[in-house]
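A quick write-up on the structure given underneath.
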Amino acid sequence: MSDAVEVVDLRAARTALREHAPLVHCLTNTVVQTLTANALLAVGAAPAMVDAPQEAGDFAAIASAVLVNVGTVNARTAEAMRLAARSAGAAGTPWVLDPVAVGGLAYRTALAGELVALAPAVVRGNPSEIMALTGAGSGGRGVDSTAGADDAASAAAGLAGRTGGVVAVSGEVDLITDGARTVRVGGGSPLLTRTTGAGCALGALVAAYVAATRDPLTGAVAAHAHVALAAERAAATAAGPGTFAAAWLDALDAVGPDDLAGADVRSA
Amino acid sequence: MSDAVEVVDLRAARTALREHAPLVHCLTNTVVQTLTANALLAVGAAPAMVDAPQEAGDFAAIASAVLVNVGTVNARTAEAMRLAARSAGAAGTPWVLDPVAVGGLAYRTALAGELVALAPAVVRGNPSEIMALTGAGSGGRGVDSTAGADDAASAAAGLAGRTGGVVAVSGEVDLITDGARTVRVGGGSPLLTRTTGAGCALGALVAAYVAATRDPLTGAVAAHAHVALAAERAAATAAGPGTFAAAWLDALDAVGPDDLAGADVRSA
Amino acid sequence: MSDAVEVVDLRAARTALREHAPLVHCLTNTVVQTLTANALLAVGAAPAMVDAPQEAGDFAAIASAVLVNVGTVNARTAEAMRLAARSAGAAGTPWVLDPVAVGGLAYRTALAGELVALAPAVVRGNPSEIMALTGAGSGGRGVDSTAGADDAASAAAGLAGRTGGVVAVSGEVDLITDGARTVRVGGGSPLLTRTTGAGCALGALVAAYVAATRDPLTGAVAAHAHVALAAERAAATAAGPGTFAAAWLDALDAVGPDDLAGADVRSA
């Protein structure tokens, strides 16, 4: 099923996540905090949402991984994000940047530029956000994106070159690259895009997997494959977008190492 | 079924919402952001919750509609609300005010007074909130209301006269007026009042429908009818208030133009 | 079933909660606000989340009970918490402190110390948090806890002595004490610990039950028993952690006075 086994060992990644139960420090937007925490709990990780400047730096240093998502950023949380990213960097803790709606809004676009310079292990976004981070494209109309992941392939590779890490672009087929190697993850369900916070929760799962596997490319691919596989299962039982969200959490929990090893993952 | 067809074309409203997929900028309380975003996605609109003063004015200018809900307002978000309302006004973008718990608390009551003066296309609240905005009544004991919608009929008409827009009062039967015409929407389910944020999500759907139909009265009526109809369907399958919320989102998605045309809507 | 009937009358407590429908003012973390509000609505209480310093003191004075949960505390909400706790104290309104992740983080640990000195009617936490409040233990690794409730028994008794109130320690078996009497509550489900905010919602239900019963020990025990019983029922029908959350809310609603009287509650 997966010809990317040479690049990433999905079975081992799932096992490692369950064994290590990484503590993921999430500085994320208030719309998606609940789903993000529940998604982390569902896969076997531990969430903690600490976003005060007085605490964010200290907590990032003791967490297994950090997520920085600028969805509802303001002056206070922006400062907490800077402190957490610096602290994670100093402690050697991997952190993930999710540049929600960057490109369309000057304030967060400037902040995301600062954060990119602090070398996130993974940047995860939709095509317009990734292109906006590299100065390409004109941004989307906010949080959605009309471009496909491959439209952002060169922007992603360029951005990975700048951060020294991995860049993951979400789309019908996700594209994940460290600049040298590129992996594509298929599957999923359109209902994911009709569930607020599914993409943001994916960013948190990337952080959890990177902490568990100690490899940004493996972690990013495993998280995307896990989310897509769980979405397919949930879509098979859901009556609509409301029941889908709960079924997706159930499926995130249920997907085991053997399941994940059969995900639609292709190296190129 | 509906004798209000001369006033509002519900079938056309539902079709327009699906076609235009309006981007609704929500400055709303943190308790209900998730349900609000999911309700917007369920009906076919696009949500974005941008509530920093640095961004709210810019974003309101590019959104299709804006929702301002003062449920958990603080100094920062109050400033963002003022900027968004002014920017929406300048751009000709329709915006909706939800004066949660106004009347009982001085800080938000003063803010709501400022916002009313900025001419929202629709004000949506429960009877005690609408009466409080006009100086009538003594406010509720917070977010609930013991009065019926018709108790606020004259306050609603007076408020519509001041804003030049529409006022919608929620109750067992909702009352919606532009000062000259009044429409009542029946149906719904008591489970709506046991789901936190259902009323707040309704405010966001009003914004979406007003953007799609370009008419505040039509938009407000269509949103109330859509919410009520979906609640009836969800109540028929739910085992309690927890499963109701997910079933309601499923039903919001499923209600189509022909369904909405059969809603319990009466002009008077 | 329950030999603690001499200490607490669970049947009367459930009846009182439904009759009084207490208004619970929640200053709580943004991750769990929605579930907390829905849990309060499910049991028959009324939630209101007012967390601006401009409003928190006024609102605490008119609420039936107040919950202070420091999960995502920041400078603004810390000030609101101080004002609410002082106002509740002055008004004779019972309030509950949930010291989330206290011990591991200096800022919130200092704040929790201030709040403890304001005499909460009930402190509810996991064993590491309760131990941290008394200077025992080294704190957990954030929000979880590896110790059992009985490990914190002497810390709980000591803390109850300092506040003059009740201390509730969550665990596989919960331990609740006013320093003189100790009650243990069994039952529940491991799925509670995989649902973000279940423990935080429990804190809000403690506040609701204390308001309804006018007795901190009775209120704390009834809330823990109610949550545990509902969790058992929900676990019997849920397919995983996602569907569990909705089923738990359904069960919180369904548990009546006779059900609660049969909960696993033991005085010691």
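Inspect region C:207-220 for any residue being in contact (Cβ under 8 Å) with a residue 60 or more places away in the chain, on the phi > 0 side of the Ramachandran plot and not basic (Lys, Arg) and give the result as yes or no. Within region C:207-220 (the criterion being in contact (Cβ under 8 Å) with a residue 60 or more places away in the chain, on the phi > 0 side of the Ramachandran plot and not basic (Lys, Arg)), the answer is no, since none of the residues qualifies. Of everything in region C:10-34 that is buried (at least 24 other Cβ atoms within 10 Å of the Cβ), of a type in the set (A, V, I, L, M, F, W, C) and within 13 Å of another protein chain (Cβ to nearest Cβ), the residue that is farthest from C:ALA208 (Cα to Cα) is C:VAL31. Is it fair to say C:ALA231 is buried (at least 22 other Cβ atoms within 10 Å of the Cβ), among the small types (Gly, Ala, Ser) and at pLDDT 95 or above? Spelling it out, C:ALA231 is indeed buried (at least 22 other Cβ atoms within 10 Å of the Cβ), among the small types (Gly, Ala, Ser) and at pLDDT 95 or above. Taken over region A:52-61, the criterion of being at the interface with chain C (Cβ under 10 Å from one of its Cβ atoms), in contact (Cβ under 8 Å) with a residue 12 or more places away in the chain and open to solvent by 10 Å² or more (accessible area, probe 1.4 Å) is satisfied by A:PRO53, A:ASP58.
Restricted to region A:74-104, and to residues there that are within 14 Å of chain B (Cβ to nearest Cβ), in contact (Cβ under 8 Å) with a residue 24 or more places away in the chain and aliphatic (A, V, I, L, M), the residue that is nearest to B:GLU79 (Cα to Cα) is A:ALA78.
Is it the case, given these coordinates, that A:ARG181 is surrounded by fewer than 22 Cβ atoms within 10 Å (Cβ to Cβ), at pLDDT 95 or above and more than 14 Å from chain B (Cβ to nearest Cβ)? It is true that A:ARG181 is surrounded by fewer than 22 Cβ atoms within 10 Å (Cβ to Cβ), at pLDDT 95 or above and more than 14 Å from chain B (Cβ to nearest Cβ). Taken over region A:198-215, the residue count meeting the criterion of being touching a Gly at 6+ places or on another chain (Cβ under 9 Å) and within 14 Å of chain B (Cβ to nearest Cβ) is 2.
Residues in region A:36-51 that are facing another protein chain (nearest Cβ under 7 Å) and surrounded by fewer than 24 Cβ atoms within 10 Å (Cβ to Cβ): A:LEU41, A:ALA46. Looking across region B:213-227, the residues that are open to solvent by 10 Å² or more (accessible area, probe 1.4 Å) and not β-branched (Val, Ile, Thr) come down to B:ARG214, B:ASP215, B:PRO216.
For C:VAL167, the conditions (1) crowded, with 24+ Cβ neighbours inside 10 Å; (2) part of a helix (DSSP H, G or I) all hold with the exception of (2).
With respect to C:ALA21, determine if the residue is modelled with pLDDT of 95 or more, more than 23 Å from C:ASP174 (Cα to Cα) and of a type outside the set (Lys, Arg). Judged against the criteria, C:ALA21 is a match. Restricting A:ALA251, A:ALA225 to those that are within 17 Å of A:ALA39 (Cβ to Cβ), of a type in the set (Gly, Ala, Ser) and within 14 Å of chain C (Cβ to nearest Cβ) reduces the list to A:ALA251.
A quick yes/no check of all residues on (1) buried (at least 24 other Cβ atoms within 10 Å of the Cβ); (2) more than 24 Å from B:ALA61 (Cα to Cα):
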residue: A:THR72; (1), (2): yes, no
residue: A:ALA75; (1), (2): no, no
residue: A:ALA88; (1), (2): yes, yes
residue: A:ALA91; (1), (2): no, yes
residue: A:LEU97; (1), (2): yes, yes
residue: A:ARG108; (1), (2): yes, no
residue: A:LEU111; (1), (2): no, no
residue: A:VAL116; (1), (2): no, yes
residue: A:SER128; (1), (2): yes, no
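For beta carbons closer than 7 Å, sequence separation of 6+ or different chains, a first residue in region C:26-51 that is acidic (Asp, Glu) and a second that is part of a strand (DSSP E or B), the qualifying pairs are C:ASP51/C:LEU27. Residues in region A:114-137 that are assigned to a helix (DSSP H, G or I) and either without any contact (Cβ under 8 Å) to a residue 12 or more places away in the chain or among the hydroxyl-bearing types (Ser, Thr, Tyr) (or both): A:SER128 alone.
The values are calculated or read from the model by the stated rules, or taken from the named source; none is laboratory data. Computed from a predicted model, the values in this text were never measured in an experiment. All Cβ positions, glycine included, derive from the backbone under ideal geometry; neighbour counts span all protein chains shown. Protein only, heavy atoms only, side chains kept; ligands, DNA and RNA dropped before computing areas. Shrake-Rupley method; radii C 1.70, N 1.55, O 1.52, S 1.80 Å.
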